[in-house]
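Worksheet for the structure shown next.
Derivation of every value follows stated rules applied to the coordinates shown; laboratory data play no part. Bear in mind that the values here come from a model prediction, so they are computed numbers and not experimental data. In this analysis, Cβ positions are derived from the backbone assuming ideal geometry, glycine residues included, and neighbour counts consider all displayed protein chains.
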Amino acid sequence: MTSVLPHLRLGVNIDHIATIRQQRHTVYPDLAEAVRLIEAAGADIITLHLREDRRHIQDADVYGLHSVIKTAMNLEMASTAEMHAIALEIRPRACCLVPERRQELTTEGGLDVLTHEARLRDYCAGLIEAGIEVSLFVEPDPAHLDAARRIGAPVVELHTGAYASEADPARREALLDRIRQAAAHGQDIGLTVNAGHGLDYHNVGAVAAIPQLHELNIGHAIIAQALFCGIREAVAQMRAAMDAGRTCS
Ligand code: PXP
């Protein structure tokens, strides 16, 4: 018997379109045009990460795209005072809090919610009060999900990076199982559970099949694929790969 699970939202991360622009400090590629094409291709959310070092997305992008995005903006940011002020000014639909280190190539792990529980509680409270949907980017570890629940964050995004980069099939399956269990636990305790990081056209199906997931945030693989077929087609192909994984038999 074939069953179709509820719609899984696709958040497209546009950071690496900005990376290409920032490498030469040009005005192209135009992020607003990219957003229009990505939305036309069926994305549900536009995700962008304003990093402390401004290596890709710039402040002007966040302010400018706010009126361009027709779906919803998901602003990824570190839990700093500077980012808190920007988020309160912009009021994106959602904010995803991530850990950030200057030397890292990309976000390399989940937030340590346990260690920073008290500080994150206060930090999230201001954003939630402003009507922003706050999400915490965490490892698929029940203890961090429990802490997210305690501090009142309504959403978590499970870090799929370890699963995505694992080459050994047995270890990969074990990491996928951790994600499955964390997603089930998150739903049980009343959290909305998203996932993302390192997902590509080959590894996304197994994650999309996890019934408790609401949204996947995917960037690098889509932007890389767009080099060969254009951004609209690259998003459509990812949507199709997610839908195929979501339809389980
Ligand atoms: N989710 C979060 C919280 C991230 O930090 C990133 C990378 O910016 C992504 C998802 C997307 O990761 P990728 O570019 O590997 O698809």
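Here the translational diffusion coefficient of the chain follows from Stokes-Einstein with Rh set to the Kirkwood radius across Cα pairs; for 20 °C and 1.002 mPa s it amounts to 118 µm²/s. If you take the beta carbon distance between Asp146 and Leu37 as r and set R0 to 41 Å, what does 1/(1 + (r/R0)^6) give as a FRET efficiency, to the nearest 0.05? Computed FRET efficiency for Asp146 and Leu37 comes out at 0.55. As a rough footprinting exposure proxy, the listed residues His185, His159 were ranked by other beta carbons within 10 Å of their own, and the order from fewest upward is His185, His159.
If both residues of a DSSP beta bridge must be in the chain, then about 5% of such bridges are antiparallel.
Across the chain, Cα pairs under 8 Å and at least six residues apart give a relative contact order of 22 percent. Measuring between their Cα centroids, region 47-62 and region 136-174 lie 24 Å from each other. Calculated mean residue ellipticity at 222 nm for the chain: -14000 deg cm²/dmol, from DSSP H runs with n ≥ 4 weighted as -39500 (n - 2.57), summed, divided by the residue count and rounded to 500. Each Cα pair under 8 Å and six or more residues apart adds its separation to the average, and for region 1-50 the resulting relative contact order is 53 percent. A convex hull fitted to the Cα coordinates of region 102-237 yields 137 cubic angstrom per residue.
Here Thr80, Thr71 are placed in order of increasing Cβ neighbour count within 10 Å, fewest first, which gives Thr80, Thr71. The tail of the calculated P(r) for region 1-140 beyond 28 Å holds 20 percent of all Cα-Cα pairs.
Remark: region 61-178 is approximated by an ellipsoid whose semi-axes, taken from the C-alpha gyration tensor as √(5λ), come to 26, 18, 13 Å, largest first. Listed by Cβ neighbour count within 10 Å, with the fewest neighbours leading, Cys124, Cys95, Cys229 appear as Cys229, Cys124, Cys95. Per residue, the average separation of C-alpha pairs within less than 8 Å and at least 6 apart gives region 85-218 a relative contact order of 21 percent. Looking at the chain as a GNM with Cα springs under 10 Å, which of Leu75, Leu216, Leu88 has the largest mean-square fluctuation? So, out of Leu75, Leu216, Leu88, the one fluctuating most is Leu88.
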